[in-house]
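Reading through the structure tokens given below for one structure.
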Amino acid sequence: MEDAGRAIIKWTIVIIILTAVVAYAIQEIPGAFQAGVEFVDDEEDQESLAEEGEAIDEEVPDLPTGPVSAGAATPEVDFSVAGGQVNRRDSDELLLGSGDGDAVVVSFPLIEGDPNCVEGVRLELEIRQATETELGAYPSGLFDPDEVQNDAPPPGDLLLHTSAGALSFTNGTPGRLPWDVTELYRTWATGAPFGEDGEQAPVGSPFVVVVKATDDGAPGRSIQFGSMEAGEQAPTLTWTGIAECGEDEGEAPDDVEGEEDVEV
């Protein structure tokens, strides 16, 4: 009987200990599960942030490098704007009328080479007929001019910034009207901000310029330009490069004739 009593007491103690262990384990299960979930979420967040960082890096192209050679180009796209609507998208003539928002837009491919190696850039439009007017050339907010359609509003802001313009004046005499757009081009092509507001063109986008009068509208004003379809009267962008700028440096010189490599 004494042995039976001891066995009962022994098994009772074992059962109490096992019950305590099970109860403790049950209490810890939610915390362990939550910790496991948080670990997985943190890992997924890190992977997501890494993917977003890679996407951002891919979206920002590097600036072109290399020297700039003198050259010239005609527009890839040009059109007029009057009353908030695009017109003359495929005409051989561009018209700047009397309204405050009337303008002419020309888009050129970027100059090959490092934008900081550009020495000078000149925009020219052929005037066929004009009234006396001061005209400014400004950076445009239309970064994809291929989307422009006749009889529709421009697909974006016509002007990116008005304080960064280059000025020229016509007395109405037919011929080539020039603007010095060197600084405008460098700012555009490097993705630097225009003015204090910080507007900038996306790196790699074509060079889009708005030509408009500097006044707030003038009754009777009418200026007719030749367009890209007008042959010799087409708008042009001409440029020169800075000598020796962008050339490769640090290249190893060729071995001098007669000398041999010495093994150490």
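Only sites in a loop by DSSP and with at most 15 other Cβ atoms within 10 Å count here; which GluC sites (Glu not before Pro) in region 141-220 make the cut? In loop regions of region 141-220 (DSSP not H, G, I, E or B), the sparsely surrounded GluC sites (Glu not before Pro) are GLU196.
Summary of the geometry: region 83-105 and region 193-214, compared by the centres of their Cα atoms, lie 19 Å apart.
Put simply, the convex hull of the Cα atoms in region 134-256 casts, on average, a shadow of 12.3 nm². Over region 122-207, accessible surface divided per residue gives 47 Å², non-protein components excluded, 1.4 Å probe. Students often get this wrong: which residues of region 116-143 have the backbone nitrogen under 11 Å from the point 7 angstrom along Cα-to-C-beta of ALA72? Label zone hits: 124.
In this structure the amide hydrogen of VAL77, modeled in the peptide plane, comes within under 5 Å of the amide hydrogens of SER107, none closer than 5 places in sequence on its chain. Amide H to amide H distances under 5 Å link GLN200 with PHE194, where only residues 5 or more positions off or on other chains count and H is placed in the peptide plane.
Residues in region 166-173 carry Karplus couplings, in order, of 10, 10, 8, 10, 10, 9, x, 6 Hz; the curve used is 6.51 cos²θ - 1.76 cosθ + 1.60 with θ = phi - 60°, and Gly or Pro positions show x. The 3J(HN,Hα) values that the Karplus relation (6.51, -1.76, 1.60; θ = phi - 60°) gives for region 197-213 are, in residue order, 6, x, 5, 8, 8, x, 4, x, 7, x, 7, 10, 10, 9, 10, 8, 5 Hz. Gly and Pro appear as x.
Shape class of region 81-189 from the Cα gyration tensor (axes a ≥ b ≥ c, square roots of the eigenvalues): oblate, since a/c reaches 1.5 or more and a/b does not exceed b/c. Here the Karplus relation 6.51 cos²θ - 1.76 cosθ + 1.60, evaluated at θ = phi - 60°, turns the backbone of region 116-126 into coupling constants of 6, 9, 7, 8, x, 9, 10, 9, 9, 10, 8 Hz, with x for every Gly and Pro.
Distance between the modelled labels on THR182 and ASP215, one decimal in nanometres: 3.1 nm (7 Å Cα→Cβ projection).
The values are calculated or read from the model by the stated rules, or taken from the named source; none is laboratory data. None of these values were measured; they are calculated from a predicted model. Neighbour counts are summed over all protein chains in view; Cβ atoms, including those assigned to glycine, are modelled from backbone coordinates with ideal geometry. Ligands, DNA and RNA are excluded from the accessible area calculation, which covers all protein heavy atoms including side chains. Shrake-Rupley method; radii C 1.70, N 1.55, O 1.52, S 1.80 Å.
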